Amino acid sequence: MLAHSYYEEDPRVRREAESLAAAGHRVEVFALRRPGDASTVTIDGVVVHRLPVQRHQGARLRVYLGEYLSFFVRSTVALTRAHMRRHYTLVQVHTLPDFLVFATLPLRMVGVPVILDLHEAMPEFFSARFGARPAGLGVRVLRLQERLACRFATAVVTVNRALGDRLVGLGVDRAKITIVPNAPSLVRFSPAAHPSRPFMEDGVLRLVYTGALSPTYELDVAFEAVAQLVRDDPDLDVRLELYGRDFAEVPLAERAEDLGIADRVTFHDRIPIDAVPAALAETDIGLAPTRRTPFTDYSLSTKVFEYAAMGRPVVASRLPMVVATFGDDVVTYEPGDARDLARAIRDVVSDADGRRGRVERARARVQNLSWEVESLRYLALVDGLVARAESKQATTQET
């Protein structure tokens with residue numbers, strides 16, 4: 001696998017890699033490396049090669065491009081050299097960026113199949129992140145490289161049906177696409193494994209957010225909603241627990257101070273994914289506040305699944321994929337509207353029967369969409385490609 005991410009922080013890459021290792025495959029991942037990290041490490045049966053490239057989230061466009069190109073060159077060389085020694089049967093490339101798939105060209109030329117795993121829509125991401133016009137040259141170039149990347153790959157995997165339909169609209173053969181949702185493992189996200197806090201047992205309303213503290217997620221709106229709750233009900237002791245890396249793109253601490261809620265917001269920084277379930281079990285409501293853009297119209301935050309799996313009531317932005325996947329089993333609010341977010345939180349607090357019903361229904365949905373279920377489709381795809389590659393290799397050797 002090639003992944004322009006820190007392996008330990010990327011739940012999708014880890015889920016897929018660990019599932020393959022558990023199924024008996026030898027799995028190696030080429031990923032990013034932080035200063036001080038070992039260049040090679042084995043984690044839960046997966047060999048991780050860390051290349052000397054770091055993320056610069058929140059940086060300018062030229063920094064992103066330099067980072068992407070550096071990883072592209074280094075991963076091409078590292079993958080090719082490793083293949084000469086170990087003869088890989090299959091390569092999977094995780095995006096972003098989409099053009100990383102071309103790092104596998106030397107292997108593709110000798111018949112190694114390639115899976116392109118499109119986590120997101122790169123043209124829409126670029127437009128939302130850098131304010132580019134959807135019809136502008138930059139976005140058109142990214143759509144072209146996306147189509148070429150899909151054509152180059154043997155198979156394409158993506159995270160939901162909306163993104164799959166989008167690819168079909170761009171000319172990708174539907175038969176080439178496999179949907180593998182970003183579903184949590186119920187072994188890892190199990191309420192039974194952690195003491196579960198009864199709702200507001202100490203009279204404190206504990207809200208929680210897990211994820212990147214970046215502009216994609218409207219935490220500024222969440223802060224305003226907390227301030228609104230305090231103004232509307234001064235006796236309500238509400239706290240917001242934030243678990244995630246802060247890349248200083250948004251002055252969140254300053255915003256909390258300005259709103260007079262600095263003592264109600266706790267920045268815990270990033271925690272390992274294995275520690276997330278225990279953190280969720282100690283809270284009351286999981287927040288998934290996402291700005292609505294053409295990019296997020298195709299997205300469904302994994303945190304919604306994780307909150308629901310842990311039996312936490314969920315309040316999320318009213319995005320197309322949230323509504324399509326969970327219906328009214330999560331409480332939604334109008335994106336960007338702090339008053340509506342405060343209203344949604346109050347609804348969860350005041351309606352105990354409704355809250356319990358939503359929690360039960362949302363958890364049932366997640367059980368049907370869990371990684372234990374969805375991984376079967378993914379493993380079948382990999383096993384089929386590996387079997388065909390091995391059969392072709394055997395035929396070539398006999399000839």
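The values are calculated or read from the model by the stated rules, or taken from the named source; none is laboratory data. Remember, predicted model here, so these are calculated numbers, not experimental data. We place every Cβ from the backbone using ideal geometry, glycine too, and count neighbours over all the protein chains shown. Please note that ligands, DNA and RNA were not included when accessible areas were found on the heavy atoms of the full protein model with its side chains. Shrake-Rupley method; radii C 1.70, N 1.55, O 1.52, S 1.80 Å.
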Inset, instruction - Could you work out the local net charge near Thr104, counting Lys and Arg as +1, Asp and Glu as -1, over the other residues with Cβ closer than 13 Å to its Cβ? - result: -1
Inset, instruction - May I ask for the net charge around Thr89, where only other residues with Cβ less than 15 Å from the Cβ of Thr89 are counted and Lys, Arg are +1 while Asp, Glu are -1? - result: +3
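Work out the P(r) tail for the chain: percent of alpha carbon pairs separated by more than 32 Å, whole number. Could you put the intermediate results ahead of the total?
Values: 29063 of 79401 pairs.
Cα-Cα pairs in the chain separated by more than 32 Å: 37 percent.
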Inset, instruction - Evaluate E = 1/(1 + (r/R0)^6) for Ala364 and Arg62, where r is the Cβ-Cβ distance and R0 equals 41 Å; express this FRET efficiency to the nearest 0.05. - result: 0.30
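Take every DSSP beta bridge with both residues inside the range 1-110 and express the antiparallel ones as a percent of the total, to the nearest 5. Don't skip to the answer; put the middle values down first.
Values: 4 of 12 bridges.
If we restrict to bridges inside the range 1-110, about 35 percent are antiparallel.
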Legend entry - Whole-number accessible area per residue in Å² for the range 141-206, which is evaluated in the context of all protein chains at 1.4 Å: 45
Inset, instruction - Take every Cα-Cα distance within the range 274-399, group them into 10 Å bins from 0 onward, and report for each bin the whole-number percent of pairs it holds. - result: 12, 34, 27, 11, 9, 6, 2, 0
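Quick check on packing: order 167-177, 35-45, 310-320 by the mean number of other C-beta atoms within 10 Å, highest mean leading. Each step should come with its number before you reach the end.
Values: 167-177: 13.6, 35-45: 10.9, 310-320: 23.1.
My ranking of the peptides, most packed first, is 310-320, 167-177, 35-45.
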Inset, instruction - Among Leu69, Leu137, Leu379, determine the one that fluctuates most according to a GNM of the chain built with springs between C-alpha atoms less than 10 Å apart. - result: Leu137
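If I compute solvent accessible area with a 1.4 Å probe over the protein chains, what percent of it on the chain is carbon and sulfur? Spell out each step's value before the answer.
Numbers: 9170 of 17430 Å².
About 53 percent, which is the carbon plus sulfur part of the accessible surface.
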Inset, instruction - Measure nothing fancy, just the Cα-based angle from helix 338-350's long axis to the longest principal axis of the chain, in degrees from 0 to 90, nearest 10. - result: 70
Inset, instruction - Along Cα→Cβ, 7 Å out, is where each label goes; now give me the distance between the ones at Phe267 and Leu69 in nm to one decimal. - result: 3.3
Legend entry - CD proxy at 222 nm, helix term only [per DSSP H run n ≥ 4: -39500 (n - 2.57); per residue of the chain; nearest 500]: -14000 deg cm²/dmol
Legend entry - Nitroxide proxy distance, nm - points 7 Å out along Cα→Cβ at Arg129 and Ala38: 3.1
Legend entry - Asp10, Asp258, ranked by accessible area, largest first (probe 1.4 Å): Asp258, Asp10
Legend entry - Distance (nanometres) between label positions extended 7 Å along Cα→Cβ at Asp235 and Lys176: 6.3
